[in-house]
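Visitor: A single structure is presented below for examination.
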Amino acid sequence: MSGFFFTRLQYNSGDWNTDQRMPSNLMNSLIEYTTLTVDPLERVIPLSSPEIFKSPFCYLSGHKLVEFNKEEKENFKKYIENGGFVFADDCNHDIDGLFAKSFEEQMRQIFGEDALKKISNKHPLYHSFFDFDDGPPVTSQELNGWGDDLVHEYLKAIEINGRIAVLYSNKDYGCEWDYDFRNKRWMSRDNTRFGVNIVMYAMNFG
């Protein structure tokens with residue numbers, strides 16, 4: 001595997017600049033737990049830019065409407081079909097919220113009606129580094145009863161040739177991991193460990 005750097009996708013609609021401390025916290029965990037060479041600086045790249053094709057891992061999030069323009073749709077499709085990986089996370093953790101409905105509609109327009117599907121909780125993603133035998137870990141956002149007041153027991157994905165190319169979460173992992181990495185010492189169990197799994201899956205199967 002080559003080195004890792006975190007790319008946040010900037011898109012023209014909605015609010016793309018969420019959970020601003022999450023990337024540095026996740027990268028700290030990658031340095032702590034893995035042997036990856038990690039660039040500690042987050043990169044913010046417009047979805048319409050050719051620079052995304054240099055990124056092994058892209059993150060996309062928000063609360064509001066997602067409505068990609070023509071260039072953004074074309075770049076998203078080309079990036080994914082050429083081996084890219086996008087982790088998209090709904091900050092509303094709400095399957096009926098504006099971000100969820102509009103992002104899923106964009107995926108239908110770009111990849112087809114049934115492209116985004118639930119993945120099994122036995123998927124290799126849940127064992128790509130740490131073991132999550134019950135599937136996606138719950139977040140405090142869900143347990144606090146915000147959003148739709150549900151614990152989402154699955155993730156969705158668009159798979160291409162047997163690999164996850166777009167991983168989609170309604171669980172608000174971004175906000176769950178949005179704290180100063182130095183505060184992890186107060187936690188009984190580091191909740192960014194699932195983020196390590198996502199990155200390691202992207203780096204190994206992308």
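Visitor: Checking the a/c ratio against 1.5 first, then a/b against b/c, what shape does the Cα gyration tensor give for segment 46-172?
Guide: Numbers: a/c = 1.87, a/b = 1.27, b/c = 1.47.
The shape class here is oblate.
Visitor: Which whole-number value in Å² is the accessible area per residue of segment 46-141, probe 1.4 Å? Spell out each step's value before the answer.
Guide: Details: 4490 Å² over 96 residues.
Dividing the accessible area of segment 46-141 by its residue count gives 47 Å².
Visitor: Suppose each label sits 7 Å from its Cα in the direction of the beta carbon; what would the K78-D114 distance come out to in nanometres?
Guide: In this crude label model, K78 to D114 measures out at 3.0 nm.
Visitor: What trypsin sites (Lys or Arg not before Pro) in segment 152-206 are in a loop by DSSP, with at most 13 other Cβ atoms within 10 Å of the Cβ? Display every interim value, and only then the final one.
Guide: Working: sites: K156, R163, K171, R182, K184, R185, R189, R193; in loops: K171, R189.
In loop regions of segment 152-206 (DSSP not H, G, I, E or B), the sparsely surrounded trypsin sites (Lys or Arg not before Pro) are R189.
Visitor: Determine which residues of segment 169-189 fall in the zone a paramagnetic label at N121 would reach in this model, i.e. backbone nitrogen under 17 Å from the point 7 Å along Cα→Cβ.
Guide: Backbone N within reach: 169-172.
Visitor: Given the C-alpha centroids of segment 138-185 and segment 69-107, what is the distance between them in whole angstrom?
Guide: Here the answer is 15 Å between Cα centres.
Visitor: From the phi angles alone, apply the Karplus equation (6.51, -1.76, 1.60; θ = phi - 60°) to segment 93-100 and give each ³J(HN,Hα) in whole Hz, x where the residue is Gly or Pro.
Guide: 6, 8, 5, 10, x, 5, 4, 4
Visitor: Right, another one. Pop out the carbon and sulfur fraction of the accessible area of the chain as a percent, whole number, probe 1.4 Å. Let's see the in-between values first.
Guide: Working: 4610 of 9700 Å².
Using a 1.4 Å probe with all protein chains present, the chain comes out at 48 percent carbon and sulfur.
Visitor: Determine the gain in length on full extension of the stretch H63-R43; use 0.36 nm per residue of separation and subtract their C-alpha separation, reporting nm with one decimal. If you can, show how the numbers build up before the last one.
Guide: On the way: separation 20, 0.36 × 20 = 7.20 nm, distance 2.04 nm.
Full-extension gain reported as 5.2 nm.
Visitor: What's the lysine pair count for the chain at a Cα cut-off below 12 Å, pairs eight or more apart or interchain?
Guide: Working: K64/K101; K117/K156; K118/K156; K156/K171.
Lysine pair count for the chain: 4.
Visitor: Nearest 20 debye, what's the magnitude of the dipole of the chain about its Cα centre given +1 on Lys and Arg Cβ and -1 on Asp and Glu Cβ?
Guide: On the way: 22 positive and 32 negative charges, 124 e Å.
Once rounded to the nearest 20, the dipole reads 600 debye.
The values are calculated or read from the model by the stated rules, or taken from the named source; none is laboratory data. Owing to the predicted nature of the structure, the values given are computational and were not obtained by experimental measurement. For neighbour counting, all protein chains shown are included, and Cβ atoms are generated from backbone atoms with ideal geometry for every residue, glycine included. The protein model used for the area step is the full one, side chains on, heavy atoms only, and it has no ligands, DNA or RNA in it. Shrake-Rupley method; radii C 1.70, N 1.55, O 1.52, S 1.80 Å.
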